[in-house]
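What follows is one structure encoded as structure tokens, with my remarks underneath.
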Amino acid sequence: MAPAPTVTQLVEEIRSDAATSDPLVQLITAAEMVAAMNDASDSALGFFVDQCRRSGRSWAEISEALGVTKQAAHKRFNAAEPTAELLTDRAQAALFAAGREAVAMGHNYVGTEHLLLGVFDPRGGVAAHVLNELRISRKAVRERVATTVPALPMRSSATPGPYTPRATQCVTRASSEAVALGHEYVGTEHLLLAVAADTDGLAARVLAELGTNYDDLRAGVIKKRSGFDR
């Protein structure tokens, strides 16, 4: 392994890049160089973390190799990608239900509207409770969705199509919603908040038409979370 540059080498390089003896300019140059080095280091580590994940290594193994906790490793390198280890059983059931909704509607893709319909399926989940309290039913959502994306004859294949880029972003954003609420898991409530946060998505537009928005849903999640089995 090539040796890391010494402090003396770094200082000389910073002074050379600054091209002035002004201490403040040198400090700014040093800060920019350190930030660039940190970004490059994180990117390099992130590459090998992703390589480990693709090869089937668990977050427990990765965190042990890095010398940090599993939560810290996941938050630093892949907080935006919920894995089966973080998704609750109900959240996984909601994603499965989303695919089933898409197939039933004859759609060859899974969009944010299907994700919204999916979170109704695990009835004991927080998302379903919050939507029920706001008097939003799956039937009402289906009807609103159908006015924009009409249902087609049910597809012969029971295998859902691919997620749209927007739906993929919502699934990954669910992790950020969980982190923001201080939760170490990704549940149906976080999926619900993620689709509501994407105000340009069909799901968020449907929710708005039904009289609610991200802020209302987030308040409902915070209120309802305690006491519920995730």
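Multiplying the residue separation of Gln71 and Thr20 by 0.36 nm and subtracting their alpha-carbon distance yields 14.0 nm.
To the nearest 0.05, how large is the calculated FRET efficiency for Leu10 and Glu184 if R₀ is 41 Å and r is the Cβ-Cβ distance?
For R0 = 41 Å, the calculated efficiency reads 0.65.
Stokes-Einstein diffusion for segment 89-225, with the hydrodynamic radius set to the Kirkwood value over Cα pairs and evaluated at 20 °C in a medium of 1.002 mPa s, equals 148 µm²/s.
I need Leu115, Leu152 ordered by Cβ neighbour count within 10 Å, fewest first. Don't skip to the end; give the middle numbers.
On the way: Leu115 31, Leu152 10.
By the 10 Å Cβ count, ascending, the order reads Leu152, Leu115.
Proximity of backbone amide H atoms, modeled 1.01 Å from N, is registered between Val186 and Leu87, Thr88 at under 5 Å, excluding neighbours fewer than 5 places apart on the same chain. Backbone phi angles across segment 9-16, fed through the Karplus curve with coefficients 6.51, -1.76 and 1.60 (θ = phi - 60°), yield HN-Hα couplings of 5, 5, 4, 5, 5, 5, 4, 5 Hz in residue order; Gly and Pro are listed as x.
Laboratory data are not the source of any read-out in this text; all were calculated from the coordinates shown. This structure is a prediction, so every number in the text was calculated from the model and none was measured. Neighbour counts run over all protein chains shown; Cβ positions are idealised from the backbone, glycine included.
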